[in-house]
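A.B. asks: Here it is, the structure in full.
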């Protein structure tokens, strides 16, 4: 990678399953912005998963770890799939996405949920429910039950087996992700909904108390509400437009963000950003990835939807590269491509032409040329 201090370093890690296919298209889009808009980014490609494991004994080989350590931003594809059985559990765990989140302290996961009018006919929810939907889920990503100790499976004296995990949060873990939610809300509709299960769980009692205290101390100008997680699951499919910014713990965010995908039309449409703390130079480590998984059933077929990965590049443009106008340009290009009828199989209406992964990339790049040309004409 370039050592130039004004260049943003991006590690491109396609990963497994459909990850390399969709990431290849978002890489093309990022290359377009570098070449056509002068975006100051330099990319370094790196491997992850079964292929490097067979060569090096590590799913996350040293070269990839170095590329990610050096990077300001990581463009990530996907992890997991049938090939995981060919990798010993210890090797898989050592290079897991959870371990990367902890290593880089990527504590705040942002998942924007925007209903696209062009996809109304293929969305699972009614158009009137989706009208005007535009909210962001902020999920705490490095604590909670996925990281808590003790954990394990033991055999009891009577021969039964018992599995156990530990859900825990402390003040700092709660407050820093809540602060991210309040700060984001100030740039949007100024509303935060904090999600918990305070009627049952002590961790949620603490969560609610700390969010309320932080709100009173620093963010009293932001409207704050609280909902139980089970109610939120219902509200997301009943009236999703009521939400602006939602903040929640790790396991709740994992489940509800996939539920919220139905308010955008398809899981394949959703981008995400996982953000670390801001350092003394004003920079923060960030990992950008589509919300979908590795989808091993369609891997290698060239039919996966790359828009979640492409829209993750828009988040990178906005949050790491500080290029909001370029982020808006890319989002308009995706909207334009969809409005012109570009569809992969997962978002296609019955009888509609289905584009391949690469063809959807072509459609977005073509739309970028048109949208950028119109922007120049009106400049």
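Read-outs: derived from the displayed coordinates by stated rules, not from any lab. Quantities reported herein were computed from a predicted structural model and do not represent experimental measurements. Counting neighbours? That spans all protein chains shown, and the Cβs are built from the backbone with ideal geometry, glycine included.
A.B. asks: Taking 2.2 N^0.38 Å as the expected size of a compact globular protein, what ratio does the Cα radius of gyration of the range 1-121 give against it, to two decimals?
C.D. replies: This ratio for the range 1-121 stands at 1.18.
A.B. asks: Moving on to the next point. Cα centroids of the range 247-293 and the range 303-379: how far apart, whole angstrom?
C.D. replies: 19 Å
A.B. asks: Suppose a student asked you for the relative contact order of the range 124-263, using Cα pairs under 8 Å spaced at least 6 residues apart; what percent would you report? The partial results should precede the final answer.
C.D. replies: Values: 226 pairs, mean separation 53.1, N = 140.
For the range 124-263, the relative contact order is 38 percent.
A.B. asks: For the range 124-263, state the semi-axes of the equivalent ellipsoid (square roots of 5 times the eigenvalues of the alpha-carbon gyration tensor), sorted largest first and rounded to whole angstrom.
C.D. replies: Working: eigenvalues 176, 83, 25 Å².
Listed largest to smallest, the semi-axes of the range 124-263 are 30, 20, 11 Å.
A.B. asks: Using helices alone, what [θ] at 222 nm do you get for the chain, with -39,500 (n - 2.57) per DSSP H run of 4 or more residues, divided over all residues and rounded to the nearest 500?
C.D. replies: Numbers: 13 runs with 156 residues, N = 379.
Roughly -13000 deg cm²/dmol at 222 nm, from the helical runs in the chain.
A.B. asks: From the mean inverse distance of alpha carbon pairs (Kirkwood) and the Cα radius of gyration, derive Rg over Rh for the range 31-80.
C.D. replies: On the way: Rg = 13.3 Å, Rh = 12.3 Å.
So for the range 31-80, dividing Rg by the Kirkwood Rh gives 1.08.
A.B. asks: Still on this structure, please answer the following. Given contacts defined as C-alpha pairs under 8 Å and at least six residues apart, what's the relative contact order of the range 202-343, whole-number percent?
C.D. replies: Working: 117 pairs, mean separation 22.0, N = 142.
Worked out over the range 202-343, it gives 16 percent.
A.B. asks: Another question about this same structure. With springs only between Cα atoms under 10 Å, which of 276, 361, 341 fluctuates most in a Gaussian network model of the chain?
C.D. replies: The residue that fluctuates most here is 341.
A.B. asks: Okay, moving on. If you restrict to DSSP beta bridges whose two residues both lie in the chain, what percentage is antiparallel, to the nearest 5? Please list the in-between numbers first.
C.D. replies: Numbers: 20 of 47 bridges.
If I count the DSSP bridges inside the chain, around 45 percent turn out antiparallel.
A.B. asks: Could I ask something else about it? Given q = 0.11, 0.14, 0.15 Å⁻¹, what are the Debye log10 I(q)/I(0) values for the chain, with equal point scatterers placed on the Cα positions and solvent ignored?
C.D. replies: Values returned for q = 0.11, 0.14, 0.15 Å⁻¹ are -0.81, -1.31, -1.48.
A.B. asks: Shifting gears a bit: Starting from the exponent 0.38 and prefactor 2.2 Å, build the expected Rg for the range 1-58 from its residue count and divide its actual Cα Rg by it. Please report the intermediate quantities before stating the final value.
C.D. replies: Working: Rg = 13.5 Å, N = 58, 2.2 N^0.38 = 10.3 Å.
So the range 1-58 has a normalised radius of gyration of 1.31.
A.B. asks: Taking only the Cα atoms of the range 73-123, how large is their convex hull per residue, in Å³? Before the final figure, lay out each step's value.
C.D. replies: Details: hull volume 6.9 nm³, N = 51.
Dividing the Cα hull volume of the range 73-123 by its residues yields 136 Å³.
A.B. asks: Just 75, 106, 214 to compare: in a GNM of the chain, with alpha carbon springs under 10 Å, which one fluctuates most?
C.D. replies: Comparing 75, 106, 214 in the GNM, the peak value goes to 214.
A.B. asks: Can you check how the C-alpha radius of gyration of the range 259-379 compares to 2.2 N^0.38 Å, as a plain ratio? Present the calculation step by step, with values, prior to reporting the outcome.
C.D. replies: On the way: Rg = 15.7 Å, N = 121, 2.2 N^0.38 = 13.6 Å.
It is 1.15.
A.B. asks: Starting from the Cα-Cα distance between residue 161 and residue 259, subtract it from 0.36 nm times their residue separation and give me the gain in nm to one decimal. The partial results should precede the final answer.
C.D. replies: Numbers: separation 98, 0.36 × 98 = 35.28 nm, distance 3.16 nm.
Contour length minus Cα-Cα distance gives 32.1 nm.
A.B. asks: Moving to a separate point now. Using a 10 angstrom cutoff on alpha carbons, build the Gaussian network for the chain and name the most mobile of 161, 139, 208.
C.D. replies: Sorting by GNM fluctuation, first place goes to 161.
A.B. asks: Could you sort the peptides 184-196, 277-289 by per-residue average Cβ neighbour count (10 Å cutoff), highest mean leading? Could the numbers behind the result be given before it?
C.D. replies: Numbers: 184-196: 19.0, 277-289: 15.7.
In decreasing order of mean packing, 184-196, 277-289 become 184-196, 277-289.
A.B. asks: What is the chain's relative contact order, in percent, from Cα pairs under 8 angstrom and six or more apart in sequence?
C.D. replies: 21 percent
A.B. asks: Could you calculate, for the range 180-280, the ratio of the Cα radius of gyration to the Kirkwood radius, expressed as Rg to Rh? Please list the in-between numbers first.
C.D. replies: Working: Rg = 14.0 Å, Rh = 14.6 Å.
Checking Rg against Rh, the ratio lands at 0.96.
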